[in-house]
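Notes to accompany the following structure.
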Amino acid sequence: MRIIIPEDYQQAVRGLDCFSRLQGHDVVVLDQPLHGLEQNAEALAGAEALVLIRERTQVDAALLAGLPQLRLISQTGRLSSNIDIEACTRHGVAVAEGSGSPVAPAELAWALVMAASRRLRAYGDALHAGRWQATGDALLGRALHGRTLGIWSYGKIGRLVAGYGRAFGMRVMVWGGEASCAQARADGFEVARSRAHLFAESDVLSLHRRLSDASRHEVGAADLALMRPDALLVNTSRAELIAPGALLAALDAGRPGMAALDVFEHEPLLDANDPLLRHPRMLATPHLGYVERDSYEQYFSAAFDNVLAFAAGTPRHIANPQVLEG
């Protein structure tokens, strides 16, 4: 099969141990971001299978129309809104779902919590500029012990982050759906009285909601205005959970006092002058939650195995099995 793996920004895929599983197939790895329908269609032309790196590549009806030889899309990790399943089904393209682990994104979320709380970026920049502990302002970092960690949604990642907070001596408070709250109580964590209570009481608030039609732009100006002037908002889930422009306006207004982001509405974010990225009370990373070696090995092992199974005539983990019936 001709297999194309687009948007490998780190040029890491060929160096993975699991890459050797594709030996014998015609494999092309693209390392540059793709922009627009024309560029995507040209770069992916001739592909019989695509292996997508999380949500980097958008697949819709217009793109599929330009890829007549495409038979399979193998997603690394769980399926998301980057793939139009109905359009794939109409074009006879099978979509295979992969698997992953919550460990890497949970650890990244906690790294952002610690780095932002202790102002590591500001102190590091000052040190590299030849200033010892002099950030140019009178603000100090702060410890986490004894403070309140709010977690919105208690799924696999939220549970790990809650455990980190407990290990650091924080009061952990959870909010989410009925099942999430019930599980949090069973695990010995406090459940917020309401959404407003979560935003108002959290010294650190970490978002772990899945993006859906219901959760898109769910966090708005009124929520953020409830946060304390010294509170930290962390989002390693999806940028679209927050209403457009709401976080920048909230930071300018001083509630919350800090934010740490790993996700942006338009990725890759290549504008160094983006006002949110340049905000003095912002810590940002380029969507690194799943980007580490162990995670990549797990994601790509599953995705490659799905390609090999399909090529062998024994497809598995197909999200639109009706395609196979034809």
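The values are calculated or read from the model by the stated rules, or taken from the named source; none is laboratory data. Because the structure is a prediction, the values reported are computed rather than measured. When we count neighbours, we look across all protein chains shown, and the Cβ atoms used for this are built from the backbone with ideal geometry, even at glycine.
For Gly254, state whether it is out of contact with any helix residue (DSSP H, G or I) (no Cβ under 9 Å at 6 or more places or on another chain) and modelled with pLDDT of 95 or more.
Details: out of contact with any helix residue (DSSP H, G or I) (no Cβ under 9 Å at 6 or more places or on another chain): yes; modelled with pLDDT of 95 or more: yes.
So Gly254 fits the description; yes.
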Take Glu7 and tell me if it is among the charged types (D, E, K, R), modelled with pLDDT under 95, under 19 Å from the mean Cα position of the chain (by Cα) and surrounded by 14 or more Cβ atoms within 10 Å (Cβ to Cβ). no
Residue hits (region 10-46; surrounded by 13 or more Cβ atoms within 10 Å (Cβ to Cβ), in contact (Cβ under 8 Å) with a residue 60 or more places away in the chain and outside any loop (DSSP other than H, G, I, E, B)) are Val13, Cys18, Phe19, Arg21, Leu22
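Let's see how each residue does on (1) among the small types (Gly, Ala, Ser); (2) surrounded by fewer than 17 Cβ atoms within 10 Å (Cβ to Cβ):
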| residue | (1), (2) |
| --- | --- |
| Leu79 | no, no |
| Glu86 | no, yes |
| Gly100 | yes, no |
| Ala104 | yes, no |
message: Is it the case, given these coordinates, that Leu248 is surrounded by fewer than 18 Cβ atoms within 10 Å (Cβ to Cβ) and part of a helix (DSSP H, G or I)?
response: yes
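I need the full set of residues from region 165-192 which are assigned to a helix (DSSP H, G or I), crowded, with 20+ Cβ neighbours inside 10 Å and at pLDDT 95 or above, in order please. Lay out the reasoning, then the answer.
To start, the set of residues in region 165-192 that are assigned to a helix (DSSP H, G or I) comprises 165-167, 178-186.
Next cut, crowded, with 20+ Cβ neighbours inside 10 Å only: 165, 180, 184.
Within region 165-192, Gly165, Ala184 qualify.
Yes or no: His35 in the same structural domain as Ala302 (by TED's automatic domain parsing), over 22 Å from Arg90 (Cα atoms) and touching a strand residue (DSSP E or B) at 6+ places or on another chain (Cβ under 8 Å)?
Values: in the same structural domain as Ala302 (by TED's automatic domain parsing): yes; over 22 Å from Arg90 (Cα atoms): yes; touching a strand residue (DSSP E or B) at 6+ places or on another chain (Cβ under 8 Å): no.
Against the criterion (in the same structural domain as Ala302 (by TED's automatic domain parsing), over 22 Å from Arg90 (Cα atoms) and touching a strand residue (DSSP E or B) at 6+ places or on another chain (Cβ under 8 Å)), His35 does not qualify.
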Val161 passes all but one of the listed conditions (1) closer than 22 Å to Glu55 by Cβ; (2) in a loop (DSSP other than H, G, I, E, B); (3) in contact (Cβ under 8 Å) with a residue 40 or more places away in the chain; the exception is number (2)
Every listed condition ((1) touching a residue at least 40 places away in the same chain (Cβ under 8 Å); (2) more than 22 Å from Gly165 (Cβ to Cβ); (3) of a type in the set (Lys, Arg)) holds for Arg210 save (2)
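Residues checked against (1) aliphatic (A, V, I, L, M); (2) over 11 Å from Cys88 (Cα atoms):
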| residue | (1), (2) |
| --- | --- |
| Gln39 | no, yes |
| Glu42 | no, yes |
| Glu48 | no, yes |
| Val51 | yes, yes |
| Arg56 | no, yes |
| Ala62 | yes, no |
| Thr76 | no, yes |
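Each row is one residue, and each column tells you yes or no for (1) farther than 25 Å from Arg2 by Cβ; (2) of a type in the set (D, E, K, R); (3) outside any loop (DSSP other than H, G, I, E, B).
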residue: Val51; (1), (2), (3): no, no, yes
residue: Glu55; (1), (2), (3): no, yes, no
residue: Ile73; (1), (2), (3): no, no, yes
residue: Arg78; (1), (2), (3): yes, yes, no
residue: Thr89; (1), (2), (3): no, no, yes
residue: Val95; (1), (2), (3): no, no, yes
residue: Ala109; (1), (2), (3): yes, no, yes
A careful count of residues in region 273-326 that are hydroxyl-bearing (Ser, Thr, Tyr), within 18 Å of the chain's Cα centre (by Cα) and not in a helix (DSSP H, G or I) gives 2
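Just to be sure before I move on: is Ala196 more than 25 Å from Leu108 (Cβ to Cβ) and under 25 Å from the mean Cα position of the chain (by Cα) in the structure I sent?
In short, yes.
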In region 246-296, anything charged (D, E, K, R) and under 29 Å from Ala12 (Cα atoms) is listed as Asp262, Glu265, Glu267, Asp271, Asp274, Arg278, Glu292, Arg293, Asp294
